[in-house]
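Since the structure comes first, as structure tokens, the remarks are kept for the end.
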Amino acid sequence: MTIGFVRLSAVDLTNLAIEAPDTPMHVGIVAVLDGASICDADGQLRLAEIRADLDQRLSSVPELRRIVHHPGWLAGPPLWVDDPSFDINRHVNGIALSPPGDEAALMRVAEELLAPLLDRAHPMWRIWLVTGLPDGRVAAILALHHAIADGLAAVRLLTALLAPTAAAPHSAWSAADAPGWRMLARDNLRLRLSTLRRLVHRPRTRRLAGTLAISRQLLGHAWHAPRTSLTGPVGPHRALAVFRLDLATVKDVAHAHDGKVNDVVLNLAAGGLRALLRSRGERVDGIDINATVAASPRIRTPAPRTGNRAGIIVVKLPLGEPDPAVRLRLVSANSSTAKREQMLTTEQCLLLWLARLGLLRRFTRRQRLTTVVESNVTGPPAPIRLLGADVIDMIPIGALAGNLAISFLAFSYAGVLTITVRVDADRHPDVPVLVAAMADDWRSLVAIAETDQLMRQADASTGTRTSSGPGPVGVGSATDAGR
């Protein structure tokens, strides 16, 4: 019998190498559910039934039954193999939230649950079902290691596991079933030769020269990077702030400034960071910082449910610009330039080689290439059901590592764009200042867009025409503790 096998990618291995007890590399998501269908008449969670149902569904999501197997140095990179001692009870548990059970309390519990490392001896994911929320709601807190999936793949895995679909048969194979050492060694040699051919291929050689030029630019920025209080080795404690926007309004504001949704997120992040530094008495005039931004490559093949396919670009954020509208146009231009000139693998290649040399953790805790990390994940555009329950809200939770002590993770669901700001709690206890500034900038951008809309309407009624302006803009909302 021929056994297929799946190796961990270079990016997957990097996400494992960078992990440490104080910097877990799993991402999380909090889904707030209508608890009526998953609780009994007394409001108690039907945990045994949920576990049995999920155990059956895992037949169609075998990726969540796998662990990392190291076949040996000459046999090549590690493999994903089935956990021979898989137990659903280890991965799915229920807890009760203490009164009043509001969003702030839920986020604190999520931080506590997501703080420890996931056990690599077993599949690296967990689900906690949290009762005690208002109106009989139940929260599902999911932790998934970044080595298994990036943001988009995590959404696909979550939907495949928890959505009401029929389970498919699954043929498990363990480390004992893996191909023999000789076969793995031949496959490893094939991988090395393939990599060498790509490196010496002339078009790729030209691209490599461009990559080196970009790397020199980034290193030049790092040499002259402003020293601020935003970065510093990440410690074990985290804090979360949640910020929500109407997605349609975000799109209108972005298009009015020649940008995209992610440019709006980066601009609001820049405004918040500017206010944070000013509140600490630090200089912001003329200050630019770099943000590490996840970007999707243009690949025509179907996207997989696992793995890390997104690349990384570095986008300059002009903290010295006080006007949010002017800053948004600058961020949009910087983002467009970065996408056009940078290869998505440039920074990842650097991290991979540092990981192989055993220097990755030391480098990331001292680097000055970037200051913050940001990502934007497209979630379900319409309301969905998980575990047979209506999903009311979805809140993303990103990872922190190295000396990047602030992250911004945006996630769209059913017309709402939720931005989660995650920080090192000891280094940035004043995160409310950052979120309040983001809200102020958003209100300014919406007001400008609404004024432009009124001008267009006035021009239309008089038969004149304005030179620029956005399309119809709805009313946006921004809060740090609810809708």
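The values are calculated or read from the model by the stated rules, or taken from the named source; none is laboratory data. Note that the structure is a prediction, hence the values are computed from the model and not measured. FYI the Cβ positions are ideal-geometry reconstructions off the backbone, even for glycines, and counts take in every protein chain you see. Side chains are part of the model used for accessible areas, which takes the heavy atoms of the whole protein and leaves out ligands, DNA and RNA. Shrake-Rupley method; radii C 1.70, N 1.55, O 1.52, S 1.80 Å.
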If the chain between Ala105 and Ser444 were fully extended at 0.36 nm per residue, the gain over the current Cα-Cα distance would be 119.0 nm
Taking a probe of 1.4 Å and leaving out DNA, RNA and ligands, the range 1-132 shows per residue an accessible area in Å² of 44
Carbon/sulfur accessible area of the range 60-134, % of total, 1.4 Å probe, equals 58
In whole Hz, the Karplus estimates of ³J(HN,Hα) for the range 356-372 (6.51, -1.76, 1.60; θ = phi - 60°; x where Gly or Pro) are 5, 7, x, 10, 4, 4, 5, 5, 5, 8, 10, 5, 10, 5, 9, 10, 9
The FRET efficiency for Asn89 and Val6, from their Cβ-Cβ distance with R0 = 25 Å and rounded to 0.05, is 0.45
Of every hundred units of 1.4 Å-probe accessible area on the range 344-424, the number belonging to carbon and sulfur atoms, as a percent, is 62
The rounded separation in angstrom of the Cα centers of the range 362-426 and the range 218-291 is 14
Largest-first ranking of Ser279, Ser332 by accessible area, probe 1.4 Å, whole protein assembly kept, is Ser279, Ser332
So for R0 = 25 Å, FRET eff. of Arg362-Trp73 from the Cβ-Cβ r, to 0.05, ends up at 0.65
Output ordering of 145-152, 123-130 (per-residue mean of other Cβ within 10 Å, highest first) is 145-152, 123-130
In nm, the gap between the two label points placed 7 Å beyond Cα toward Cβ at Asp135 and Arg280 is 3.8
Averaged per residue, the 1.4 Å probe accessible area of the range 334-454, protein heavy atoms only, in Å², is roughly 40
